[in-house]
Amino acid sequence: MSNVLKMKNTSNSVKQCNLQIFTNNRMDCPVTQNRICYFIPLNFIDGLSHNPGRAGGTQPTAVSEIFDSLITDPKGQLEPICLEWNPATGKFEIVFGCHREWATNEVYTKGFTIANHLDTNAAGIWAWVFTGSPAERTKIQMRENGNKKPQSPATKNQMVDMLNTYIAQGGLDTGPLSSFTSLSDDDKYTRARNFMKGNTPYWGGRKFKGIWNKLTQNGNPSVAVSFKTYSKSKLADYFCAHNPYGIKKQDLKKDFSGSVVVKNGVKYGIYIVNSKSEIAGALPTNASKCMFKNKVDHMIIVAALNNSTTANISKDRQTFEQTTTEWNQNIYKAFHEVFWMPQTKSETAKHILSGTWPAQNKV
């Protein structure tokens, strides 16, 4: 692999990334075996992009398991993640390894160490850098996510989504005289199944019939819409970068929630939420205590509902806000405003780059 990644892009973009500035090491990757990896600082990685292999978003339970492994295993980070340089943003995008990147962020945020990480002040992660075609990228994402049974299996819908993407990218074409679209239905089925057998064997056996039926239902490919999930650290990062009150990350407590910040004579309280169940748990009580004890003027919730879905997110947000209103009216006036994070594919496409919110509602 070349040490300089050269990309085609606009004149305003970062055209290349010099890998020579990063420490390298050979590591075993379960997808591509032994290869050169680099210790990439976490702030070089776009952690707000969608998990490309998980339509339901990165799962906190899997992150917790990896977190425990990272801080307890004497060998440290056992597997590298895979990154691709994006010249338009000047950052790396995650090809696979979103759970590991999230867990590594949590390790550094909470003050722990990872055995085989560099002894520097910069938080980082071991990764290899992908430079192939879009179809090749999808192929290795499928291989990484689809072969994880039983510890963290992909779902059928996720595999359908990635196979559909791979087909659309020309991954199953073998030349102009044998394009996938030119094949008979039976030959399409056979080619797709043979690909799955070689790339993701768990899904290429008797489970493939279900994949194919879902892919071709109603005569059209079925594509799952990605749903973005967030750690509380990333929620705090986004809020502090884009809130209208001038509240910065350094103003917050280490664990973010329950922070009290004074800006322009107004005392703000901030709670960071990433589960819809929190409003039915300790959040209202804790916010009320914080409000009373600190004489807070304006209590803010920054929320992502990681356990919702694209289909249910609007309804779940309404239910969440209704519960805060009922608490305000019947028990104690503890909440004033909710900032909702972009979570659906359409929301992230519209709001992430502009630093805006799908909704910023008074309660």
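The values are calculated or read from the model by the stated rules, or taken from the named source; none is laboratory data. Keep in mind that what you see is a predicted model, and the values were worked out from it rather than measured. Cβ atoms come from the backbone with ideal geometry, glycine included; neighbour counts cover every protein chain shown.
Side notes on the structure shown:
- The criterion of at least 3 residues that are within 17 Å of ASN86 (Cα to Cα) and either at pLDDT below 90 or β-branched (Val, Ile, Thr) (or both) is met, among strands (runs of 3 or more DSSP E) falling completely within the stretch 1-44, by 4-6, 16-18.
- Condition met for ALA280 (under 22 Å from LEU305 (Cα atoms), out of contact with any Ser or Thr (no Cβ under 8 Å at 6 or more places or on another chain) and small (Gly, Ala, Ser)): no
- Beta carbons closer than 6 Å, at least 6 apart along the sequence or on distinct chains, pair a first residue in the stretch 244-272 that is under 19 Å from SER231 (Cα atoms) and touching a residue at least 12 places away in the same chain (Cβ under 8 Å) with a second that is part of a strand (DSSP E or B) and among the hydroxyl-bearing types (Ser, Thr, Tyr) for LEU252/SER259; SER257/TYR271; ILE270/SER259.
- Count of residues meeting criterion [at pLDDT 95 or above, crowded, with 20+ Cβ neighbours inside 10 Å and not charged (D, E, K, R)] in the stretch 305-323: 1
- Residues (within 30 Å of the chain's Cα centre (by Cα) and part of a strand (DSSP E or B)) located in the stretch 251-297: LYS253, PHE256, SER259, VAL260, VAL261, TYR268, GLY269, ILE270, TYR271, ILE272, VAL273
- The residue that is modelled with the lowest pLDDT, counting only those in the stretch 60-115 that are in a helix (DSSP H, G or I) and charged (D, E, K, R), is GLU65.
- Members of the stretch 324-363 found to be touching a helix residue (DSSP H, G or I) at 6+ places or on another chain (Cβ under 7 Å) and either free of Cβ contacts under 8 Å to residues at least 40 places away in the same chain or closer than 14 Å to VAL273 by Cα (or both), listed by number: THR324, PHE335, VAL338, PHE339, TRP340, MET341, PRO342, GLN343, PRO358
- Against the list (1) modelled with pLDDT of 95 or more; (2) more than 20 Å from PHE239 (Cα to Cα); (3) more than 25 Å from the chain's Cα centre (by Cα), the condition PHE335 fails is (2).
- Selection from the stretch 133-177 of residues that are exposed (fewer than 15 other Cβ atoms within 10 Å of the Cβ), modelled with pLDDT under 90 and either within 15 Å of VAL95 (Cβ to Cβ) or in contact with a His (Cβ under 9 Å, 6 or more places away or on another chain) (or both): SER152
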